[in-house]
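Colleague: The structure follows.
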Amino acid sequence: MSTAGTTAPTGAYRLTTARVLRAEWHKLWTVRSTWITLLTAVVATVGLGVAIGATYENGGDDSDMDVVFLTLVGFQFALIALAVLGILVTAGEYSTGLARSSLTAVPRRTPVLWAKTAVFGAVVLATALVAAFLTFFAAQAFYAGTNQAASLGDPGVLRALLGSAAGLTLLAVIALGIGALVRSVPGAIGGFIALALILPSVLTMLPYAVVEDLVDYFPAESFNSLNTARPAADAATPGAALLALVLWAAAFLVSAAALLKRRDV
């Protein structure tokens, strides 16, 4: 009996970049925590932005704050949720054992890490952009007639909105890289908190001006430079801050890729 009609087409099971990306996309969206985390990030950003706008009064304690930073204060809470999600995308697979199946299907290993980074980064960036612009326009409905009234055409505003979304995405990717490097969810969360919050505070206690200057390029401080339409004079410039975040993300991802090739699953 001929089996020509049931034979799989040549290359039907060939491993390609598109198929690895599709697999990681499917894994990300079929996990309930993804939907919950992204929704939490958007709700926290929009909700806090609107709440602050609705209660804002000229001459109050926050009247001298940067308009974009004030509007997107919810990004500080969204960061926590998205960083944890990034860690779960990588370290979470080691705790469940799914990493073994993924790396068995992709023997070269590193394409899995790059695909995770690309899919996760794209989803976070899209979410952050929607949250940033939605919050800005919603909050400005309340800021009309106050000293926080602004438009996209005002100096630094559009750049700060885009920079905030990019900075939030890179911080989440850094968390993903730490998760891939540490392979432990609690350990990666602790490492991210130490890098973002604890280490900069400790270093600023040292009596060296050069150390204080270097702290400006740590992840959280760089994000703050991107999150304002009018960066502080002693802070990193937006361009330098964005570059610093890119280099931090690259450092963790390259380190994770190197260990991925050398360590057992």
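Colleague: Might you let me know whether the stretch 2-17 holds any residue that is part of a helix (DSSP H, G or I) and modelled with pLDDT under 95?
Modeller: Looking through the stretch 2-17, at least one residue is part of a helix (DSSP H, G or I) and modelled with pLDDT under 95.
Colleague: Okay, next question. Give me the pairs, please: first residue somewhere in the stretch 242-265 and within 13 Å of Arg109 (Cβ to Cβ), second residue anywhere and open to solvent by 50 Å² or more (accessible area, probe 1.4 Å) and part of a helix (DSSP H, G or I), beta-carbon distance under 7 Å, and either six or more positions apart or on two chains.
Modeller: Close Cβ pairs (under 7 Å, with a partner that is open to solvent by 50 Å² or more (accessible area, probe 1.4 Å) and part of a helix (DSSP H, G or I)) amount to Val265/Arg100.
Residues are listed down the side, and each one gets a yes or a no for (1) in contact with a helix residue (DSSP H, G or I) (Cβ under 7 Å, 6 or more places away or on another chain); (2) touching a residue at least 24 places away in the same chain (Cβ under 8 Å):
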site	(1), (2)
Trp29	no, no
Leu85	yes, yes
Tyr94	no, yes
Ala99	yes, yes
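Colleague: Looking at the structure I just gave you, is Ala249 at pLDDT 85 or above and open to solvent by less than 40 Å² (accessible area, probe 1.4 Å)? Steps first, please.
Modeller: Details: at pLDDT 85 or above: yes; open to solvent by less than 40 Å² (accessible area, probe 1.4 Å): yes.
Yes; evaluated as a whole, the condition is true for this residue.
Colleague: Do we find that Gly177 is crowded, with 22+ Cβ neighbours inside 10 Å, under 16 Å from the mean Cα position of the chain (by Cα), under 17 Å from Val246 (Cα atoms) and at pLDDT 95 or above in this structure? Spell out how you get there, then give the answer.
Modeller: Numbers: crowded, with 22+ Cβ neighbours inside 10 Å: yes; under 16 Å from the mean Cα position of the chain (by Cα): yes; under 17 Å from Val246 (Cα atoms): yes; at pLDDT 95 or above: yes.
Criteria met by Gly177.
Colleague: Turning to a different aspect of this structure: Take the residues in the stretch 120-142 that are open to solvent by 10 Å² or more (accessible area, probe 1.4 Å) and over 12 Å from the mean Cα position of the chain (by Cα); name whichever of them is farthest from Thr17 (Cα to Cα).
Modeller: Phe142
Colleague: Among Thr71, Thr110, which is the only one that is touching a residue at least 24 places away in the same chain (Cβ under 8 Å), touching a Lys or Arg at 6+ places or on another chain (Cβ under 7 Å) and of a type outside the set (A, V, I, L, M, F, W, C)?
Modeller: Being touching a residue at least 24 places away in the same chain (Cβ under 8 Å), touching a Lys or Arg at 6+ places or on another chain (Cβ under 7 Å) and of a type outside the set (A, V, I, L, M, F, W, C) holds for just one of Thr71, Thr110, which is Thr110.
Colleague: Ok, one more. What pairs come up if the first residue lies in the stretch 35-46 and is open to solvent by 40 Å² or more (accessible area, probe 1.4 Å), the second is in a helix (DSSP H, G or I), and their beta carbons are under 7 Å apart, counting only those six or more places apart or on different chains?
Modeller: Final answer for the pair search is Thr40/Ala81.
Colleague: Can we say Leu226 is under 22 Å from Asp64 (Cβ atoms), in contact with a Lys or Arg (Cβ under 9 Å, 6 or more places away or on another chain) and open to solvent by less than 40 Å² (accessible area, probe 1.4 Å)?
Modeller: Details: under 22 Å from Asp64 (Cβ atoms): yes; in contact with a Lys or Arg (Cβ under 9 Å, 6 or more places away or on another chain): yes; open to solvent by less than 40 Å² (accessible area, probe 1.4 Å): yes.
For Leu226, the condition - under 22 Å from Asp64 (Cβ atoms), in contact with a Lys or Arg (Cβ under 9 Å, 6 or more places away or on another chain) and open to solvent by less than 40 Å² (accessible area, probe 1.4 Å) - is met.
Colleague: Taking Ile80, is it assigned to a helix (DSSP H, G or I), of a type outside the set (D, E, K, R) and free of Cβ contacts under 8 Å to residues at least 60 places away in the same chain?
Modeller: yes
Colleague: Condition check: modelled with pLDDT of 95 or more, surrounded by fewer than 22 Cβ atoms within 10 Å (Cβ to Cβ) and farther than 30 Å from Leu103 by Cβ. Does Val215 satisfy that? I'd like the intermediate steps shown before the answer.
Modeller: Details: modelled with pLDDT of 95 or more: no; surrounded by fewer than 22 Cβ atoms within 10 Å (Cβ to Cβ): yes; farther than 30 Å from Leu103 by Cβ: yes.
For Val215, the condition - modelled with pLDDT of 95 or more, surrounded by fewer than 22 Cβ atoms within 10 Å (Cβ to Cβ) and farther than 30 Å from Leu103 by Cβ - is not met.
Colleague: Additional query: Evaluate the following for Arg183: is it over 24 Å from Phe223 (Cα atoms), touching a residue at least 60 places away in the same chain (Cβ under 8 Å) and crowded, with 17+ Cβ neighbours inside 10 Å?
Modeller: yes
Colleague: Now a separate question. Which of the residues belonging to the stretch 62-77 are assigned to a helix (DSSP H, G or I) and either buried (at least 24 other Cβ atoms within 10 Å of the Cβ) or of a type in the set (S, T, N, Q) (or both)?
Modeller: Scanning the stretch 62-77 gives Val68, Thr71, Phe75, Gln76.
Colleague: Please specify each residue of the stretch 90-112 satisfying the condition of being small (Gly, Ala, Ser) and open to solvent by less than 60 Å² (accessible area, probe 1.4 Å).
Modeller: Within the stretch 90-112, Ala91, Gly92, Gly97, Ala99, Ser102 meet the criteria.
Colleague: Let me ask another. Given Ala115, Ala149, which one is surrounded by 16 or more Cβ atoms within 10 Å (Cβ to Cβ) and over 21 Å from Leu243 (Cα atoms)? Step through it out loud before you land on a result.
Modeller: Working: Ala149 fails: surrounded by 16 or more Cβ atoms within 10 Å (Cβ to Cβ).
One residue alone meets the criteria, Ala115.
The values are calculated or read from the model by the stated rules, or taken from the named source; none is laboratory data. Only a predicted model underlies this, so the values are computations on that prediction, with no experimental measurement involved. Using ideal geometry, Cβ is built from the backbone for each residue, glycine included, and neighbour counts are taken over all protein chains shown. Quick note on the areas: whole protein, heavy atoms, side chains included, nothing else; ligands and nucleic acids left out. Shrake-Rupley method; radii C 1.70, N 1.55, O 1.52, S 1.80 Å.
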